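Reading through the structure tokens given below for one structure.
The values are calculated or read from the model by the stated rules, or taken from the named source; none is laboratory data. Computed from a predicted model, the values in this text were never measured in an experiment. Note that each Cβ is placed from the backbone with ideal geometry, even for glycine, and that neighbours are counted across all protein chains shown. Side chains included, ligands, DNA and RNA excluded: accessible areas come from the protein's heavy atoms. Shrake-Rupley method; radii C 1.70, N 1.55, O 1.52, S 1.80 Å.
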Amino acid sequence: MNWDWDYVGSMMPDLLDGLWTALLATIFGFLLALVLGLVFAILRRSKTAWIRVPIGFIVEFIRGTPLLVQLFFLFFVLPDFGVQLSPLASGIVGLGVHYATYTSEVYRAGIDGVPAGQWEAATALNLPARRTWTSVVLPQAVPRSLPALSNYLIALFKDVPQLVAITVAEPFTVARGIFADSFRPFEAITMAGVLYLVTAFVLSYLGRIVERRYGTVRV
Amino acid sequence: MEGTKEPMTEATSAAPVRAHDGNGEFIKFAEVSKRFGSNVVLDDLSFSVGAGERVTLIGPSGSGKTTILRMLMTLLRPDSGTISVNGEYLFHEERGGQLVTASESHIRRVRSKITMVFQQFNLFPNMRVLRNVTEAPVHVLGKPKDEAAERAKELLALVGLGEKLDAYPSQLSGGQQQRVAIARALAVDPDVLLLDEVTSALDPELAAEVLDVLRDIAKTTDVTMLLVTHAMKFARDVSHRVLMFNQGKIIEDRPPEEMFNEPRHERTQSFLRSVIDET
Ligand SMILES: Nc1ncnc2c1ncn2[C@@H]1O[C@H](COP(=O)(O)OP(=O)(O)OP(=O)(O)O)[C@@H](O)[C@H]1O
Ligand SMILES: [Mg+2]
């Protein structure tokens, strides 16, 4: 088996298109995970059991089932209930909701790390609950959470190949299309893997920059 | 400048100027009990504090002083009994002629005139000094930002920190942080100021500067104060009454000179002997 550079060159445009799709899934999936995870974390601390308990159950349920099953459900089952999402949209929702259950734990740890005295001072000043969250608790909890969150960004990105199962055109889906024609999987699979590797490397570098810039906690 | 409580207005000393219910019952505990598990901390406690009065709570560790202040701040709920402030129940409200558990909005309304300074300062570390002080006036009282900032600067100057507006709490000494916390508390125009061992976490020199600020406030405002302190000289200087607690009950309630010069109760005598005066 010898490596054919010309062949690699000819497949790169398609693979890079695939990488772009993978990045879209990562970016929007992660944004959804960041926002929804925060919502989960806050609702799980609600004083109302009617909110706290069901949300806790949903989060545990989602975390306890495989991503692949959730993707199948979103893409193949939801249409039976009249909800038809594109493959990429299904992938974004699947990754976002799945990873929201992880980010919510990260936020929860960050929130628990805010001393009780901060909540008490907010009460002593009669700050409304919403204001206590937005100006006291989250500004202290979120910076603490950044290192763990950026790890989940990488983990989410590395789960994007699972979107093959729902026909999203990420690099491995593209690679499969290529070697189906040429019967030469070696270059296609290798290059798809290299694209993931290099991108994961760049993402973790960016993550560290964000941590350094915003991750400082004043005590 | 509105309001009757500019800290730097004419000294009004002890005379309460604000209208109250006339019975010296601006704050009233009626048959309040509180237990933690099997530990009965307060047992049917009743006492009241008049508007503008400054009352020091003393007593051995575990006698329930902090518990009382935390209940007034609504950080703890009593198991039974009622607490009222300015004639309004803190944890109860009347609905259909019945006294029922208060809603969150009722508690917020009654609580709005009460604030507290803590032993550990509890400044918001993510905000600069100025914003620590303006946060509540702007977002609770709805004051315009520039007006709140003006007032905050006055208060910070009053506590000797006019130069530190842009510092973060972590850049200040403990004594400075506690003075910011006092300015932050005054900024909400409280009727009731609760002070729980606010100098206990500080070295003696730093404690002294905080106590000086509090003396000043006591002299120049008519805010009602409940304070817990081990600084007995300070307590004698600023308070109208001293309450001696033991095992969740008040065993002696007298003006400071009497309490400190001729304590009646044997328990008070031994307690006072044991306290090291910080000032
Ligand atoms: N959250 C809590 N859970 C369980 N027990 C508590 C709690 N808070 C206070 N206690 C107990 O209640 C009793 C009274 O405590 P409190 O803090 O009111 O005493 P204190 O008079 O302020 O004492 P100190 O002078 O040491 O500050 C103590 O026995 C304490 O252990
Ligand atoms: Mg105490």
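Between Rg and the Kirkwood Rh of region B:123-189, both from Cα atoms, what is the Rg to Rh ratio? Write out the running numbers ahead of the final one.
Numbers: Rg = 10.5 Å, Rh = 11.3 Å.
Using Cα coordinates only, the ratio equals 0.93.
Inter-chain neighbour count for B:71-81: the average number of beta-carbon atoms from partner chains within 10 Å of each residue's beta-carbon is 1.
Which entries in B:Lys113/B:Lys219; B:Lys34/B:Lys219; B:Lys28/B:Lys143 show an alpha-carbon gap greater than 22 Å? Pairs exceeding 22 Å: B:Lys34/B:Lys219; B:Lys28/B:Lys143. With the biggest extent put first, the Cα atoms of chain B measure 52, 49, 38 Å across the principal axes.
For region B:138-243, the calculated P(r) over all alpha carbon pairs, in 10 Å bins from 0 to the bin holding the longest distance, is 13, 46, 32, 8, 0 percent.
As an exercise, use a Förster radius of 25 Å and the Cβ-Cβ distance of A:Val35 and A:Phe73 to find the FRET efficiency, rounded to the nearest 0.05. It would help to have the intermediate numbers written out before the result.
Details: r = 21 Å, r/R0 = 0.85.
Computed FRET efficiency for A:Val35 and A:Phe73 comes out at 0.70.
Listed by chain and number, the lysines whose C-alpha is less than 17 Å from the C-alpha of B:Lys145, apart from same-chain residues fewer than 8 away, are B:Lys153.
A Stokes-Einstein calculation at 37 °C with viscosity 0.692 mPa s, built on the Kirkwood radius of the protein assembly as shown over Cα pairs, returns a diffusion coefficient of 123 µm²/s.
Let's test the formula: R0 of 35 Å, r as the Cβ-Cβ distance of B:Ser33 and B:Ser270. What FRET efficiency results, to the nearest 0.05? Each step should come with its number before you reach the end.
Details: r = 26 Å, r/R0 = 0.75.
Using R0 = 35 Å, I get an efficiency of 0.85.
How big is the charge dipole of region B:123-189 about its Cα centre, in debye rounded to the nearest 20, if each Lys and Arg gets +1 on its Cβ and each Asp and Glu gets -1 on its Cβ? Around 140 debye, computed over region B:123-189.
Residue by residue, region B:176-183 carries 3J(HN,Hα) couplings of 5, 4, 5, 5, 4, 4, 5, 4 Hz when phi is fed to the Karplus relation 6.51 cos²θ - 1.76 cosθ + 1.60 (θ = phi - 60°); x denotes Gly or Pro. Connecting C-alpha atoms closer than 10 Å in a GNM of chain B, tell me which of B:Glu53, B:Glu197, B:Glu205 has the biggest fluctuation. Its mean-square fluctuation being the largest, the pick is B:Glu205.
With +1 on each Lys and Arg Cβ and -1 on each Asp and Glu Cβ, how big is the dipole of region B:127-231 about its Cα centre, in debye rounded to the nearest 20?
Numbers: 11 positive and 17 negative charges, 55 e Å.
Here region B:127-231 has a charge dipole of around 260 debye.
In sequence order, region B:49-65 has phi-based couplings of 10, x, 4, x, 6, 10, 10, 9, 9, 10, x, x, 4, x, 7, x, 5 Hz under the Karplus curve 6.51 cos²θ - 1.76 cosθ + 1.60, θ = phi - 60°, and Gly or Pro positions carry x.
Mean-square fluctuations from a GNM of chain A, with a 10 angstrom spring cutoff on Cα atoms, peak among A:Val35, A:Val69, A:Val164 at A:Val69.
With the biggest extent put first, the Cα atoms of region A:1-145 measure 71, 37, 24 Å across the principal axes. Backbone amide hydrogens, once placed in the peptide plane, bring B:Asn246 within less than 5 Å of B:Ile251, excluding anything fewer than 5 places away on its chain. Entry note, the protein assembly as shown: the mean residue ellipticity at 222 nm calculated from DSSP H runs of n ≥ 4, each adding -39500 (n - 2.57), is -16500 deg cm²/dmol after division by the residues and rounding to the nearest 500. For A:Lys47, a cut-off of 20 angstrom between C-alpha atoms picks up these aspartates and glutamates, skipping any fewer than 8 places away in its own chain: A:Glu60, A:Glu105, A:Asp112, A:Glu120, B:Asp79, B:Glu104. Over region A:1-58, one equal point on each Cα, no solvent: what is log10 I(q)/I(0) by the Debye formula at q = 0.20, 0.22, 0.29 Å⁻¹? Ignoring solvent entirely, the Cα scatterers give -0.80, -0.85, -1.03.
Scaled to the globular estimate 2.2 N^0.38 Å, the Cα spread of region A:135-197, given as radius of gyration, is 1.67.
When the accessible areas of A alone and B alone are added and the area of the pair subtracted, with a 1.4 Å probe, the result is around 2000 Å², both sides summed.
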